[in-house]
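Notes follow the structure.
The values are calculated or read from the model by the stated rules, or taken from the named source; none is laboratory data. Everything numeric in this text was worked out from a predicted model, so none of it was measured. Every residue, glycine among them, receives a Cβ derived from its backbone with ideal geometry; neighbour counts consider all protein chains shown. Remember, those area values only see protein heavy atoms, side chains included, never the ligands or the DNA or RNA. Shrake-Rupley method; radii C 1.70, N 1.55, O 1.52, S 1.80 Å.
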Amino acid sequence: MRLDPDDPRPPFQQVATQLRAAILTRKFAPGEKLPSGPELAKTFGVARQTIQQAIRLLREEGLIVSRQGSGVFVREKTARPVGLRPHIEEAFKRPEVSIDFAGFSGETLHGAVMEALDNIRAGRLTPERISIRLLLPDTGRPWSLPCRVDNGQDEPLFRQRAEKIISRHAQAIVDSVHELRDLGLVPHASADVRISGEPPRFKMYVINGEEAFFGYYAVAEHTVALGGAPVAMYDLMGKDTELFHFALSDGPDSTSAQYVQQSSVWFDAVWNNVAREVS
């Protein structure tokens, strides 16, 4: 493990990236103790403070835990709150990348994939195929949630507002992926959007058919300006949603692997049988 002198990122981020990759690919198994700070500093050729910064970042992402007097260990629990971004970054290092998303707006996915797409433009990542599918709610029909606080009913003006937000993030992903294809940077690249029914009460990601991420949207009162007046709505709050991680690598008979498989089956069924293309 060595740092790339041409990588513009700070050394601690480069160290964190390499350790993260080793954890996600099970080079460091769940429950395994990481090398000590001095050992990592020697391996990477950096100061111990740099290692401490990298360890702090991975701890905040929920990938490792520190045990006083014992050291730093890879977290054992598979279904745990995790950050999506590092897993997206690892996925885009593969020759073929597939991401299926079901949720409210795709805002979090938009933020997570843009850095990877920028790295493709810069030549730092070179996937041969990208496929992204977004399954989003139909803003043209009434919703039971989000709804007005005063009467519990659908609010058309809120759906119009949500449609703009949803379209902005989804279209940004579609345009960015297709730009890479048109520029010849990715030989095969597609990003497609379909809509179906009401907003789900959860968000779900399936990455490369090998990992699934699931989290419930919080339902909270939220006042928004609609038609020039403040309206109290029960809204779905997605930015702080805790995502739980499931992986095929936990073993074919594990609950985690079965969750990934069933998530893919569910997504394909809705996408192929119920969802429709945006007109």
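Just to be sure I understand the model, the point goes 7 Å from the Cα along the line to the Cβ. What's the resulting L157 to A21 distance in nm?
The answer from the label model is 5.1 nm.
Taking all pairs of different Cα atoms in the chain, averaging 1/r and flipping that mean, what Kirkwood radius in angstroms comes out? Numbers along the way, then the final one.
Numbers: mean 1/r = 0.0487 Å⁻¹.
So the Kirkwood estimate lands at 20.5 Å.
In sequence order, what are the phi-derived ³J(HN,Hα) couplings for region 26-32 according to the Karplus relation 6.51 cos²θ - 1.76 cosθ + 1.60 with θ = phi - 60°, rounded to whole Hz, with x for glycine and proline?
My calculation for region 26-32 gives 6, 5, 10, 6, x, x, 6 Hz in order.
Can you sort T43, T25, T241 by 1.4 Å-probe accessible area, starting with the largest?
I get T25, T43, T241, largest accessible area first.
Simple spin-label model, 7 Å along Cα-to-Cβ: A225 to K239 in nm?
Placing both labels 7 Å along Cα→Cβ, they lie 1.7 nm apart.
Scan around F202 for amide H atoms under 5 Å from its own, H built in the peptide plane at 1.01 Å from N, and keep only partners 5 or more places away or cross-chain.
Sorted by chain and number, the residues that satisfy this are Y217.
If you add up the charges near S190, with Lys and Arg at +1 and Asp and Glu at -1, over every other residue whose beta carbon is less than 10 angstrom from its beta carbon, what do you get?
Here the count lands on +2.
Taking the Cβ of I120 as the center, what net charge do the other residues with Cβ under 15 Å away carry, scoring Lys and Arg +1 and Asp and Glu -1?
Working: positive: K93, R94, R121, R124, R129, R181; negative: E89, E90, E96, E115, D118, E128, D175, E179, D182.
Once all neighbours under 15 Å are counted, the net charge is -3.
Given H placed 1.01 Å from N in the peptide plane, which residues other than close sequence neighbours of M233 have an amide H under 5 Å from its amide H?
When sequence neighbours closer than 5 places are left aside, the close amide H contacts are V149, H222, T223, V224.
Compute a Gaussian network model of the chain, connecting alpha carbons closer than 10 Å, and tell me which residue from A220, A112, A102 fluctuates the most.
A220
Where the accessible area of the chain is counted over protein heavy atoms with a 1.4 Å probe, how much of it, in %, is carbon and sulfur?
Within the chain, the accessible surface is 49 percent carbon and sulfur.
Using the structure shown, list the pairs from K33/K203; K27/K239; K33/K239; K27/K93 with a Cα-Cα distance above 26 Å, or answer none.
From K33/K203; K27/K239; K33/K239; K27/K93, over 26 Å: K33/K203; K27/K239; K33/K239.
Under the Karplus relation 6.51 cos²θ - 1.76 cosθ + 1.60, θ = phi - 60°, what is the ordered set of whole-Hz ³J(HN,Hα) values for region 156-161, x standing for Gly and Pro?
x, 5, 5, 5, 5, 5
Over the chain, what is the relative contact order in whole percent, taking alpha-carbon pairs under 8 Å and six or more residues apart?
17 percent
Just to confirm my numbers, what's the Cα centroid distance between region 27-102 and region 198-252 in Å?
Centre-to-centre distance over Cα atoms comes out at 24 Å.
Whole-Hz Karplus ³J(HN,Hα) for region 195-200, in order, using 6.51 cos²θ - 1.76 cosθ + 1.60 and θ = phi - 60°, x for Gly and Pro?
10, 7, x, 7, x, x
Report, to the nearest 10°, how far helix 48-60 tilts away from the longest principal axis of the Cα atoms in the chain, using its own Cα long axis and a range of 0 to 90°.
In the chain, helix 48-60 runs at an angle near 30 degrees to the longest axis.
Using a 1.4 angstrom probe on the protein heavy atoms only, line up K203, K33 by accessible area, largest first.
K33, K203
Roughly how much of K93 is accessible, in Å² to the nearest 10, using a 1.4 Å probe?
The accessible area of K93 comes to roughly 110 Å².
How many Å² of accessible area per residue for the chain, probe 1.4 Å?
On the way: 14090 Å² over 279 residues.
The answer is 51 Å² per residue.
Heavy-atom accessible area of Y234 with all protein chains present, probe 1.4 Å, nearest 10 Å²?
Here the accessible area works out near 90 Å².
Tell me the net charge near A247. Cut-off is 10 Å between Cβ atoms, A247 excluded, with +1 for each Lys or Arg and -1 for each Asp or Glu.
Taking every other residue near A247 into account, the sum is -2.
Using modelled backbone amide H atoms (1.01 Å from N, in-plane), which distant-in-sequence or interchain residues come within less than 5 Å of F28's amide H?
Correct list: I23.
Using 0.36 nm per residue, how much length does the chain from D118 to Q49 gain when fully extended, once their Cα-Cα distance is taken away? Present the calculation step by step, with values, prior to reporting the outcome.
Details: separation 69, 0.36 × 69 = 24.84 nm, distance 2.91 nm.
Working it through step by step, the gained length comes to 21.9 nm.
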